[in-house]
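Colleague: Here it is: the structure, laid out below.
The values are calculated or read from the model by the stated rules, or taken from the named source; none is laboratory data. Since this is a predicted model, take the numbers as computed values, not measurements. Here Cβ is always computed from backbone atoms with ideal geometry, including for glycine, and neighbour counts include all displayed protein chains. Heads up: the accessible areas ignore ligands, DNA and RNA and are worked out on the full protein's heavy atoms, side chains in. Shrake-Rupley method; radii C 1.70, N 1.55, O 1.52, S 1.80 Å.
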Amino acid sequence: MMKTYPIPMVPGPVKLPQTVLDVYQTNFGSADLEDEFLELYNKTEFNLKMILSTKNRVVIQSGEGMLALWSALKSCLLSGDRVLAVATGVFGDGIGDMALSIGADVYKIRLPYNETISDMSEIEAAIVQFKPKMITAVHCETPSGTLNPIAELGRLKQRYNVPLLYVDAVASAGGAPVLSDEWNIDLCLGGSQKCLSSLPDMAFLSVSESAWDIIHNVNYVGYDALKPFYKAQAAHYFPYTPNWQGVAGLNAGAELILNEGLVNSYARHETVAEFSRNKIIKMGLSLFPASDAVPSPTVTAVNVPDGVDWPEFNLQLRQHGLVVGGSYGPMAGKVFRLGHMGTQADMKLVKQALNVIQDVVEKI
Ligand SMILES: *Cc1c(COP(=O)(O)O)cnc(C)c1O
């Protein structure tokens, strides 16, 4: 049991930078009453638009990434609406199940969890036959350590006039290019606790004009509803009291990356990811993603060595001060992950982590 980590490598929540921690020391007033909050919200929206490369509006909600995932599904889908869920991992599969649970007619294209989207012909055929209202996909499949190419999916959405493309970019936004407009994404979802290095308390999503039309039509009512956000800024009337510290923390995390420069942030993530992969292979371990899959620059998934008990391995890493992530679903107990995202995409930290792994591996 550990309250704080000497060498934090969990793929979210990540280590907070001081500028984000500082924000939580302020006794802000009521976000419902003060113009300063509205200014902060607008500025944060502007910054998130840059990170998501979009001209579309960005809604900022109180809650973690999962909130945006539910919010976009419930606000855009009616019972019986057709959803094509592209699943290359736990989140992609889960999003399909979430859509099913709210009454959508879901067609899943499932790939092995160590693969990324490559052959578009099956997806194209499914779009033609199934005529979905929405395509769902995950950019970075965090439990698999993979990064799906989204551009081609966006071209198919455009070619076949699919009303909505929904992309979970929670674990990539800020750490890898997320080109929402270029890729024709209608709903691009993000969270605060991954590459933006903030607390697990905020979710955000870009919403295209056509998505807003659908949202008005569906008229979903609930705590996670998007519709009230359409006029929230113009009227300074939010559907619930906004979390001022949360928005300020998210903005501080976003500004850290924007001040660094998006291109520099992407390069920093790619450099530590490549370094990690090379080092892992050099020490005789193997990567979880298949050789033809695209590994994510924000998280590296490694196979637990054959014959090694994960809880025991994990305990030894922790005894050396290193805390990594395990994995989920079929990878549970078989895969561990280095979350080099946000503040943790730091060469010094990553080297420390890999040295610990090497020491523990040599001992067993
Ligand atoms: C972290 C993450 C989320 C959000 O999950 P939380 O449990 O709210 O942190 C969603 N999608 C992906 C791909 C993620 O990595």
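Colleague: Across the range 1-44, what is the total count of residues that are open to solvent by 60 Å² or more (accessible area, probe 1.4 Å), in a helix (DSSP H, G or I) and within 30 Å of Asn314 (Cα to Cα)?
Modeller: 2
Colleague: Right, another one. Would you point out the residue of the range 143-161, among those that are open to solvent by 10 Å² or more (accessible area, probe 1.4 Å) and of a type outside the set (Lys, Arg), that is nearest to the ligand (Cβ to nearest atom)?
Modeller: Applying the first criterion (open to solvent by 10 Å² or more (accessible area, probe 1.4 Å)) to the range 143-161 yields 147, 149, 151-152, 155, 157-161.
So of that shortlist, the ones also of a type outside the set (Lys, Arg) come out as 147, 149, 151-152, 158, 160-161.
Values: Leu147: 11, Pro149: 15, Ala151: 18, Glu152: 19, Gln158: 24, Tyr160: 25, Asn161: 27 Å.
Of everything passing the filter in the range 143-161, Leu147 is nearest to the ligand (Cβ to nearest atom).
Colleague: Let me ask something else. Identify, from the list Asp213, Asp181, Asp201, the residue that is open to solvent by 10 Å² or more (accessible area, probe 1.4 Å), out of contact with any strand residue (DSSP E or B) (no Cβ under 6 Å at 6 or more places or on another chain), of a type outside the set (Ser, Thr, Tyr) and within 16 Å of the ligand (Cβ to nearest atom).
Modeller: Values: Asp213 fails: within 16 Å of the ligand (Cβ to nearest atom); Asp181 fails: within 16 Å of the ligand (Cβ to nearest atom).
The match here is Asp201.
Colleague: Pro239 fails exactly one of the following numbered conditions: (1) in contact (Cβ under 8 Å) with a residue 40 or more places away in the chain; (2) not in a helix (DSSP H, G or I). What is the number of that condition?
Modeller: (1)
Colleague: Can His269 be described as of a type outside the set (Gly, Ala, Ser), within 22 Å of the chain's Cα centre (by Cα) and over 23 Å from Leu111 (Cβ atoms)? Working first, answer last.
Modeller: Numbers: of a type outside the set (Gly, Ala, Ser): yes; within 22 Å of the chain's Cα centre (by Cα): yes; over 23 Å from Leu111 (Cβ atoms): yes.
Against the criterion (of a type outside the set (Gly, Ala, Ser), within 22 Å of the chain's Cα centre (by Cα) and over 23 Å from Leu111 (Cβ atoms)), His269 qualifies.
Colleague: Looking at the range 322-364, which of its residues are open to solvent by 20 Å² or more (accessible area, probe 1.4 Å), β-branched (Val, Ile, Thr) and within 15 Å of Ile280 (Cβ to Cβ)?
Modeller: Within the range 322-364, Val361 is the sole residue that qualifies.
Colleague: Quick one: Leu69 ticks every box in (1) within 14 Å of the ligand (Cβ to nearest atom); (2) in contact (Cβ under 8 Å) with a residue 60 or more places away in the chain; (3) farther than 30 Å from Glu255 by Cβ except a single one, so which number is it?
Modeller: (3)
Colleague: Still on this structure: Going through the range 216-240 one residue at a time, which ones are surrounded by fewer than 19 Cβ atoms within 10 Å (Cβ to Cβ) and closer than 30 Å to Met341 by Cα?
Modeller: Hits for the range 216-240 are Tyr223, Ala225.
Colleague: Considering only the range 317-350, state which residues are more than 24 Å from the chain's Cα centre (by Cα) and in contact (Cβ under 8 Å) with a residue 24 or more places away in the chain.
Modeller: Leu317, Arg318, His320, Gly321
Colleague: Continuing with the same structure: From the list Ser180, Ser206, Ser197, which one is closer than 16 Å to Arg57 by Cβ, under 17 Å from the mean Cα position of the chain (by Cα), touching a residue at least 12 places away in the same chain (Cβ under 8 Å) and not in a strand (DSSP E or B)?
Modeller: Details: Ser206 fails: not in a strand (DSSP E or B); Ser197 fails: closer than 16 Å to Arg57 by Cβ.
Within the list Ser180, Ser206, Ser197, the selection yields Ser180.
Colleague: State all residues of the range 284-321 that are open to solvent by 60 Å² or more (accessible area, probe 1.4 Å) and either part of a strand (DSSP E or B) or basic (Lys, Arg) (or both); if no residue qualifies, say none.
Modeller: Within the range 284-321, just Arg318 meets the criteria.
Colleague: Return the pair list, or none, for Cβ contacts closer than 7 Å from residues in the range 101-115 that are without any contact (Cβ under 8 Å) to a residue 40 or more places away in the chain to residues that are surrounded by fewer than 20 Cβ atoms within 10 Å (Cβ to Cβ) and in a loop (DSSP other than H, G, I, E, B), at least 6 apart or on different chains.
Modeller: Sorted first by the residue in the range 101-115, then by its partner, the pairs are Gly103/Ser79; Gly103/Gly80; Asp105/Gly80.
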